[in-house]
1. Give me log10 I(q)/I(0) at q = 0.23, 0.26 Å⁻¹ for the chain, Debye formula, one equal scatterer per alpha-carbon, no solvent.
2. Helix 5-41: angle to the longest alpha-carbon principal axis of the chain, degrees 0 to 90, nearest 10?
3. At 222 nm, what value in deg cm²/dmol follows for the chain if DSSP H runs of at least 4 each add -39500 (n - 2.57) and the sum is divided by all its residues, to the nearest 500?
4. Which value, in debye to the nearest 20, describes the size of the charge dipole of the chain about its Cα centre when Lys and Arg Cβ atoms bear +1, Asp and Glu Cβ atoms bear -1, and nothing else is charged?
5. Using a Förster distance of 25 angstrom, determine the FRET efficiency expected from the C-beta separation of Asp59 and Asn3, and round it to 0.05.
6. Mind checking the angle between helix 69-86 and the chain's longest principal axis? C-alpha axes, 0 to 90 degrees, to the nearest 10.
7. Using only the Cα atoms of segment 27-70, what do you get for the radius of gyration and for Dmax, in Å?
8. For helix 44-63, report the angle its Cα long axis makes with the longest principal axis of the Cα atoms of the chain; keep it between 0 and 90° and round to the nearest 10°.
Amino acid sequence: MANHKSSIKRIRQTVVRTERNRAEKSRMKTIRKKALAAIAAGNKEDASKAASEFSSVVDKAAKRNLIHPNKAANLKSKTAKAIAAIA
């Protein structure tokens, strides 16, 4: 167990931040599944709306260093490519 006040506080902060990051990553994955389901259904209009929402969430995650910016670009590219294949 930590003995210094500062290390006790850091532990508290780490717990809060870890929980927040876990929730945000989970939300990102859920929205991705929703976008992929819309793409699989073949409805281009719904798919583009879902992909737009997914793109926004991915950009925010990259901005907050939850995921690497290149990973964000790859995810957005894959969904855009899948939507283009619907037509």
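1. Results for the chain at q = 0.23, 0.26 Å⁻¹ read -1.03, -1.18.
2. Here the helix axis deviates by roughly 10 degrees.
3. Mean residue ellipticity at 222 nm (helix-derived): -30500 deg cm²/dmol.
4. Details: 22 positive and 6 negative charges, 107 e Å.
Approximately 520 debye in magnitude.
5. Numbers: r = 41 Å, r/R0 = 1.65.
Given R0 = 25 Å and the Cβ-Cβ separation, E is 0.05.
6. For helix 69-86, the angle is close to 20 degrees.
7. For segment 27-70, the Cα-based Rg and Dmax read 11.0, 33 Å.
8. It is inclined by approximately 20 degrees.
No value in this document is a laboratory result; all are computed from the given coordinates. Given the structure is predicted, the values throughout are model-derived calculations rather than measurements. Using ideal geometry, Cβ is built from the backbone for each residue, glycine included, and neighbour counts are taken over all protein chains shown.
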